[in-house]
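Novice: Supplied in structure tokens, the structure appears directly below.
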Amino acid sequence: MLSTALDPTYAQVATLLHREARLLDNLELDQWLELFLPHGVYCSPLGAACVDGEPVILLDDDRLRRQRVFRLLQTPAYAQRPASRTVRQVSNVEVELQADGQVAVECVVVIHEVRVGDERQYGLGTLRVLPTRTRYLLSPGPDGALLIARKEVVLLMREAPLENLSILL
Amino acid sequence: MTDQLSPPPAPQQLDGRWVDQDPAADRYRVRTSAYSDPAVFDLEMSRIFESTWVYVCHESEVAKAGDFKSTWLGRQPIIAARDRTGAINMMLNVCRHRGNAVCRTETGNTVIFQCPYHGWSYGLDGKLAGITDRNRYPSDLAKQIGGLVRVPRVESYRGLVFASLNPDVPELREHLGPVLPYIDHWADGSIGAEYVARTPHKFAYPGNWKFQAENSLDGYHGRFVHESGFAALAHEPGGTEVAADKHEFMAFDSKAGLTRGIPGGHGTLESPGSGLNRQIGVAKVSDRSFDDYHAALSEAYGAERALSLLGSRHVLVFPNLVLMDLNIRTITPISVDRTLVHSFFAEAQGVPAHVNNERLHDLQVRLGTTGFVGLDDLEMFGGNQTGVHARGMEWIELSRGLPTEQVNEAGEHIGAASDETPFRAFWTQWAALLESEV
Ligand code: FES
Ligand SMILES: [Fe+2]
């Protein structure tokens, strides 16, 4: 069953996606972690989709996600010194309710990124645009609110050499 | 196919030399312009990348008849294709009619390469197979042309395929001679058959290609550049912190490691296998995977070599190939300040699937496109490139370990794990090629 903009589920999904984008843009990453279910998967494929045993750009379980956030917030991660600023746009949101109560979402997320600085230093101050098609599987958490069981970020540029992909997608 | 590539352009008269080796002063220095001057880059392309043996691909990337890969050799666009006899052919990716690229996809499988512009077609061996509407041409034109311009030399060793645009280079084995034992050591990690190279991760960085070549063997930078990555990987969410410098990932700083500068510009950064840390190379794996891999290696090679194979060895094969545990890394210079790196997971044969799966995962977490460790290396290269353009800082120092390094019977220079010994071998070879008179 496809959910429409008037549907309460659709509104709940939109709220979650917009909130997630804001948390990532503001580097409120501890709060971002809590959007995932404990068994939640955060991944990004080199090909069309993440496949078991195939090389991937990203495949994080809860532990790796927390380690990644720890690295970005609490260690000298030079690839993020100076840190990137990002602005994310979420659009083309399609929501499908599944028989088991889970919610499948497919949307377009465009990440705009710049590392603070300018061209007097190599690698800084250049605006980069990372268009993605992002798929979610959402499930109700303990209090009934939707949480992320799976987030798969399919980068438009996934087959091109990528420079410094150290931000969260 | 008698056409030869035209010889490299004569070098411009460049001011002075780039490598300053003063044994009396125990100093070894390199001019910053070697990383920043576009004229030096052009010279490197003609005298290194288009004159000597250069790594192109792994045999498993073109495993079946009809498999091809389009890439660069130096700055020349080429196709590597496997034909029905099993041979790997390399030829310029340039149509003999009016110069269009005959192949615009990076990898695939085909029976023929047909130029999209006017439809001339070429076989997997590059031979001209058809000229559209050919009776408008002189009757023997096809014979005169022959086919795509061949890369004159293509040879492989242990699954690694090298090529040279210079027909007069020595045999590959002779060229690689001094580094062969270390290639063997790496390749023996796959049992009974050579590794299979999987879909690569690809990176770009805003810096000179030599920063990646050098950094692969740099045992000095880890505790600074990778403090973050090591600490994050040692971090137990919700648990107590392990100090990063106590963690096993610091293996290369151990006193047992060494660096090796090998004649021909090659080098290694090594950490011997003791089996005690229960790691495969620098990868932390489950006990099950460690034991299974250890058992498979022991059965294939005996206990002593198995232990040695469990250690870690980064090998730089001059100029553009890095073998690091289960990682094949190629370095593609684009311009003096831009470089591409392709990083292939090398899947070991003759071992249980879970061993490969764990090692693939480990490699990606550390050194993949979003890796905890590798991204901080790439960041150094942009900073380096910013610095080498400065006037007033004419030389960089590569003297670390020079007063104490040893030379063995094989002519290898041996230094401590954090020494700049392999860089000196690299630059000495580089200078021999670039500073030679034409
Ligand atoms: S350029 Fe290739 S057929 Fe004309
Ligand atoms: Fe490093």
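The values are calculated or read from the model by the stated rules, or taken from the named source; none is laboratory data. On a predicted model such as this, the values are computed, not experimentally measured, just so you know. Here the Cβ is made from the backbone with ideal geometry for all residues, glycine too, and neighbour counts use every protein chain on show. Keep in mind that these areas ignore ligands, DNA and RNA; they rest on the heavy atoms of the full protein, side chains included. Shrake-Rupley method; radii C 1.70, N 1.55, O 1.52, S 1.80 Å.
Novice: Got a sec? Charge dipole of chain B, +1 on Cβ for Lys and Arg, -1 for Asp and Glu; which of B:V56, B:G273, B:L148 is way out at the positive end?
Specialist: B:L148
Novice: Can you classify the stretch B:353-438 as rounded, prolate or oblate using the Cα gyration tensor, where a ≥ b ≥ c are the square roots of its eigenvalues, rounded means a/c under 1.5, and otherwise it's prolate if a/b beats b/c and oblate if not?
Specialist: It is oblate, given that a/c is not under 1.5 and a/b is not larger than b/c.
Novice: Provide the percentage of antiparallel DSSP beta bridges, counting only those with both residues in the protein assembly as shown; round to the nearest 5.
Specialist: Values: 115 of 120 bridges.
DSSP beta bridges in the protein assembly as shown are roughly 95 percent antiparallel.
Novice: Using the scaling law 2.2 N^0.38 Å as the reference, what is the normalised Cα Rg of the stretch B:176-434? Walk me through the numbers before you get to the answer.
Specialist: Numbers: Rg = 18.0 Å, N = 259, 2.2 N^0.38 = 18.2 Å.
So the Cα radius of gyration is 0.99 times the expected 2.2 N^0.38 Å.
Novice: Beta carbons within 10 angstrom, averaged per residue: use that to sort the peptides B:66-73, A:110-117, highest first.
Specialist: Descending mean neighbour count gives B:66-73, A:110-117.
Novice: If you bin every alpha carbon distance in the stretch B:143-200 into 5 Å steps from zero, what whole percent lands in each bin?
Specialist: Going out from 0 Å in 5 Å bins, the stretch B:143-200 shows 4, 15, 20, 18, 16, 13, 7, 4, 2, 1 percent.
Novice: Mean shadow of the stretch B:54-164, computed from the convex hull of its alpha carbons, in nm²? Mind showing how you got there, number by number?
Specialist: On the way: hull surface 26.8 nm².
About 6.7 nm², averaged over all directions.
Novice: Across the stretch A:1-99, what fraction of all alpha-carbon pairs, as a whole percent, falls in each successive 5 Å bin from zero upward?
Specialist: Result returned by the calculation: 2, 10, 15, 19, 22, 18, 9, 3, 2, 0.
Novice: Take the Cβ-Cβ distance between A:V110 and B:H354 as r, set R0 to 30 Å, and report the resulting FRET efficiency rounded to the nearest 0.05.
Specialist: The pair A:V110/B:H354 has a calculated efficiency of 0.20.
Novice: If you take the charge dipole of the stretch B:176-434 about its Cα centre, with +1 on Lys and Arg Cβ and -1 on Asp and Glu Cβ, which of B:V322, B:V365, B:Q406 is farthest toward its positive end?
Specialist: B:V322
Novice: Hey, what number do you get for chain A at 222 nm if only DSSP H runs of n ≥ 4 count, each worth -39500 (n - 2.57), divided across all residues, to the nearest 500?
Specialist: Result for chain A: -6500 deg cm²/dmol, rounded to the nearest 500.
Novice: When each pair of different Cα atoms in chain B is counted once in the 1/r mean, what is the Kirkwood radius in angstroms, to one decimal? It would help to have the intermediate numbers written out before the result.
Specialist: On the way: mean 1/r = 0.0431 Å⁻¹.
After inverting the pairwise mean of 1/r, the radius is 23.2 Å.
Novice: Name the residue farthest towards the positive end of the dipole of chain B from the options B:L180, B:L433, B:F230, assuming +1 on Cβ of Lys and Arg, -1 on Cβ of Asp and Glu, about the Cα centre.
Specialist: So the residue we want is B:L433.
Novice: Enumerate by residue number the GluC sites (Glu not before Pro) in the stretch A:130-169 meeting two conditions: DSSP loop (anything except H, G, I, E, B), and at most 14 other Cβ atoms within 10 Å of the site's Cβ.
Specialist: On the way: sites: A:E152, A:E159, A:E163; in loops: A:E159, A:E163.
Hits after loop and neighbour filter: A:E159.
Novice: Magnitude of the Cβ-charge dipole of chain A, K/R +1 and D/E -1, about the Cα centre, nearest 20 debye?
Specialist: With Lys and Arg at +1 and Asp and Glu at -1, about 600 debye.
Novice: What dipole magnitude, in Debye to the nearest 20, does the stretch B:359-438 give about its Cα centre under +1 on Lys/Arg Cβ and -1 on Asp/Glu Cβ?
Specialist: It works out to roughly 260 debye.
Novice: Does the protein assembly as shown classify as rounded, prolate or oblate by the C-alpha gyration tensor (a ≥ b ≥ c root eigenvalues; a/c under 1.5 gives rounded; else a/b over b/c gives prolate, otherwise oblate)?
Specialist: Cα axes put the protein assembly as shown in the oblate bin.
Novice: Moving to a separate point now. Separation of the stretch B:201-219 and the stretch A:91-169 by C-alpha centroid, Å?
Specialist: 28 Å
Novice: Hey, another quick one. Given all pairs of different Cα atoms, what value in angstroms does the Kirkwood hydrodynamic radius of the stretch B:189-234 take?
Specialist: 14.0 Å
Novice: Partner chain Cβ atoms within 10 Å, averaged over the residues of B:70-79 - can you pull that number for me?
Specialist: Numbers: counts 0, 0, 0, 0, 0, 0, 0, 0, 0, 0.
Mean partner shielding for this stretch: 0.
Novice: Say a paramagnetic label sat at a point 7 Å from the Cα of B:N100, along Cα to Cβ; which residues of the stretch B:129-151 have their backbone N under 18 Å from it?
Specialist: Inside the label zone: B:129-137, B:147-149.
Novice: How much space per residue, in cubic angstrom, does the convex hull of the C-alpha atoms of the stretch B:37-103 take up?
Specialist: Details: hull volume 7.1 nm³, N = 67.
Roughly 105 Å³ of hull volume per residue.
Novice: What whole-number distance in Å separates the alpha-carbon centres of the stretch B:39-111 and the stretch A:10-24?
Specialist: What the calculation gives is 47 Å, centre to centre.
Novice: Mind jotting down the three principal axis lengths of chain A based on Cα atoms? Whole angstrom, largest first.
Specialist: Projected onto the principal axes, the Cα atoms of chain A cover 54, 33, 29 Å.
Novice: Among the Cys residues of chain B, which have no other cysteine Cβ under 4.7 angstrom away?
Specialist: Cysteines lacking a close Cβ partner in chain B: B:C57, B:C103.
Novice: Compute, for the protein assembly as shown, the length of the dipole vector about the Cα centre, with Cβ point charges of +1 (Lys, Arg) and -1 (Asp, Glu) only. Units Debye, rounded to 20.
Specialist: Details: 58 positive and 77 negative charges, 289 e Å.
Here the size comes out at about 1380 debye.
Novice: Using a 1.4 angstrom probe and counting only protein chains, how large is the accessible area of A:R63 in Å², to 10?
Specialist: Roll a 1.4 Å probe over it and A:R63 shows about 100 Å².
Novice: What nm distance separates the two modelled labels at B:E435 and A:T4, each placed 7 Å from Cα along Cα→Cβ?
Specialist: Output for this residue pair reads 7.7 nm.
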